[in-house]
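The values are calculated or read from the model by the stated rules, or taken from the named source; none is laboratory data. Note that the structure is a prediction, hence the values are computed from the model and not measured. Positions of Cβ are generated from backbone atoms using ideal geometry, with glycine treated the same way; all protein chains shown enter the neighbour counts. Keep in mind that these areas ignore ligands, DNA and RNA; they rest on the heavy atoms of the full protein, side chains included. Shrake-Rupley method; radii C 1.70, N 1.55, O 1.52, S 1.80 Å.
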Amino acid sequence: SKGFSVEACRSMVNLMDKDGNGKLGLLEFNVLWNRIRSYLAVFRKFDLDKSGSMSAYEMRLALEAAGFKLSKRLHELIVTRYAEPDLALDFDSFVCCLVRLETMF
C-alpha cells in the first residue's frame, strides 16, 4: 500500500472521533488501528488474485466475511462510490468503506 490518502484519513478521523474535537485520542486511535488490522486481514484473504485490489465480486465476499449482509443494489452503490473506473477497489477505498459501514450500522 502507498499509505492512506488525505481523503481517507479525514474520513477515518471524522468517523472515529467520538468526542467531536477533530482529533483522535489514544483510545480512539487504538480502536481505529485494531480495525485497520482486521480490515487488512480480510482484504488479503479476499484479494483472491493477490493484485493489491479487489474486484466487485471479491468485495462482496469480503463485506460478507466482515459481517455485512447487503442487498445487491446496495452492494452496487458501494462499488460505484468506492471503486476505480475499472471497478477495482484498493485497500484505501476498502478501509473507507468499512469504517463508514461500521459507523452506520
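Each residue in segment 1-28 was checked for being acidic (Asp, Glu), open to solvent by less than 100 Å² (accessible area, probe 1.4 Å) and assigned to a helix (DSSP H, G or I), and 1 pass.
In segment 53-84, which residue that is basic (Lys, Arg) and farther than 30 Å from Asp19 by Cβ is least open to solvent (accessible area, probe 1.4 Å)? Residue satisfying both the conditions and the ranking: Arg60. Of all the criteria given as (1) among the small types (Gly, Ala, Ser); (2) under 20 Å from Leu15 (Cβ atoms); (3) in a loop (DSSP other than H, G, I, E, B), the one not satisfied by Ser38 is (3). Restricting Met54, Met12, Met59 to those that are modelled with pLDDT of 90 or more, closer than 20 Å to Phe105 by Cα, touching a Phe, Trp or Tyr at 6+ places or on another chain (Cβ under 8 Å) and not small (Gly, Ala, Ser) reduces the list to Met59. Being assigned to a helix (DSSP H, G or I), at negative phi and in contact with a Gly (Cβ under 8 Å, 6 or more places away or on another chain) is a property that does not hold for Val31. Taken over segment 42-52, residues that are touching a strand residue (DSSP E or B) at 6+ places or on another chain (Cβ under 6 Å) and open to solvent by 30 Å² or more (accessible area, probe 1.4 Å) amount to 0.
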